[in-house]
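One structure is given here, and the rest of the page talks about it.
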Amino acid sequence: MARLSIALFLSLLALSVACRNGAKLLRKSLNAQQRTKIVELHNQMRNKVASGGVPSQSKAQNMREMVWDNEMAQRAQSWADNCVFEHDSNRKDSKGKYFGQNLVVTWAQKDPGSPNIEKMIDTWFNEVYEHGYTGGYNSKTGHYSQLIWADSNKVGCGLTSYLDTNKLYSDLLVCNYSPAGNVIGQQAYVKGSRNCSKFNLSNSKKFNSLCA
């Protein structure tokens, strides 16, 4: 019983001190259902763009289907645990390759419980409607362009819920992407109808406008 009490105390202590800047950590990590949902949402949005389903956006020849990546997820969760709405400045993976990152935070006066993952990711995608997008990187549409960057085929995310210093209940979602998108001087994708074989890729078996 003593060992159990000590273990419980240490677990609660670790949970309470993880945040930076005085915020109080309430919950952390994503469950399997949420992880699956995140990948599905990314691919649905990418397929929508690649198929020409977004006004003013050209079809894509080389938009890749995304898969979940554990290393990206571990790094994202570790950063989200800081409870700070800012980008990780050390975004290199175990092989020294740079990875991209999207962030979104929501606030509420009462604890909302389970966060609305779909609504959070929608804020990134909706940049194309709010600001327009003509290709490449632009600070106003950086979340959107990373989300639909053709070569970024691995995604991993972390989620943290906390009470911030203004006593607002906050949900912070961090998603990391590999290879990194938003490369200065490059376009998000090659315009045109799907042509996966041209890029030594195969057609996705699930999405009619994505490559695998």
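The values are calculated or read from the model by the stated rules, or taken from the named source; none is laboratory data. Since this is a predicted model, take the numbers as computed values, not measurements. As a convention, Cβ positions derive from the backbone with ideal geometry for all residues, glycine included, and neighbour counts pool all protein chains shown.
In region 184-212, which residue that is out of contact with any strand residue (DSSP E or B) (no Cβ under 9 Å at 6 or more places or on another chain) and of a type in the set (A, V, I, L, M, F, W, C) is modelled with the highest pLDDT? Outline the logic, then answer.
The first filter runs over region 184-212 and keeps only residues out of contact with any strand residue (DSSP E or B) (no Cβ under 9 Å at 6 or more places or on another chain), leaving 184-187, 198, 200, 205-208.
Filter again for of a type in the set (A, V, I, L, M, F, W, C), leaving 184, 207.
Values: Ile184: 96, Phe207: 99.
Per the criteria, the residue is Phe207.
For region 101-120, indicate whether the set of residues that are among the aliphatic types (A, V, I, L, M), crowded, with 17+ Cβ neighbours inside 10 Å, touching a His at 6+ places or on another chain (Cβ under 6 Å) and in contact (Cβ under 8 Å) with a residue 12 or more places away in the chain is non-empty.
Taking region 101-120 and keeping what is among the aliphatic types (A, V, I, L, M), we get 103-105, 108, 117, 120.
Filter once more, keeping what is crowded, with 17+ Cβ neighbours inside 10 Å: 103-105, 117, 120.
From the residues that got through so far, the ones that are touching a His at 6+ places or on another chain (Cβ under 6 Å) too are none.
So far as region 101-120 goes, no, none of its residues is among the aliphatic types (A, V, I, L, M), crowded, with 17+ Cβ neighbours inside 10 Å, touching a His at 6+ places or on another chain (Cβ under 6 Å) and in contact (Cβ under 8 Å) with a residue 12 or more places away in the chain.
Only residues that are in contact with a Phe, Trp or Tyr (Cβ under 8 Å, 6 or more places away or on another chain) and in a helix (DSSP H, G or I): list them for region 132-180, please.
Passing the criteria: Thr141, His143, Tyr144, Ser145, Gln146, Leu147.
Which members of region 42-54 meet the condition of being within 21 Å of Asn116 (Cα to Cα) and buried (at least 19 other Cβ atoms within 10 Å of the Cβ)?
If the condition is that a residue be within 21 Å of Asn116 (Cα to Cα) and buried (at least 19 other Cβ atoms within 10 Å of the Cβ), then His42, Asn43, Met45, Arg46 are the ones that fit.
Does Ser114 fit the bill of being modelled with pLDDT under 95, closer than 15 Å to Val174 by Cα and part of a loop (DSSP other than H, G, I, E, B)? Can you show your working first?
Working: modelled with pLDDT under 95: yes; closer than 15 Å to Val174 by Cα: no; part of a loop (DSSP other than H, G, I, E, B): yes.
Considered against the rule, which asks whether it is modelled with pLDDT under 95, closer than 15 Å to Val174 by Cα and part of a loop (DSSP other than H, G, I, E, B), Ser114 comes out as no.
Exactly one of these conditions fails for Val128: (1) in a helix (DSSP H, G or I); (2) surrounded by fewer than 20 Cβ atoms within 10 Å (Cβ to Cβ). Give me its number.
Going through (1) in a helix (DSSP H, G or I); (2) surrounded by fewer than 20 Cβ atoms within 10 Å (Cβ to Cβ) one by one, Val128 breaks only (2).
Please indicate, with yes or no, whether at least one residue in region 80-98 is without any contact (Cβ under 8 Å) to a residue 60 or more places away in the chain and either buried (at least 22 other Cβ atoms within 10 Å of the Cβ) or in a helix (DSSP H, G or I) (or both).
no
Take region 189-212 and flag every residue that is touching a helix residue (DSSP H, G or I) at 6+ places or on another chain (Cβ under 8 Å) and free of Cβ contacts under 8 Å to residues at least 60 places away in the same chain.
Within region 189-212, Ser202, Asn203 meet the criteria.
Inspect region 127-147 for any residue being of a type in the set (A, V, I, L, M) and closer than 25 Å to Asp88 by Cβ and give the result as yes or no.
Our first condition is that a residue be of a type in the set (A, V, I, L, M); within region 127-147, this holds for 128, 147.
Still in the running and closer than 25 Å to Asp88 by Cβ: 128, 147.
Checked region 127-147: at least one residue is of a type in the set (A, V, I, L, M) and closer than 25 Å to Asp88 by Cβ.
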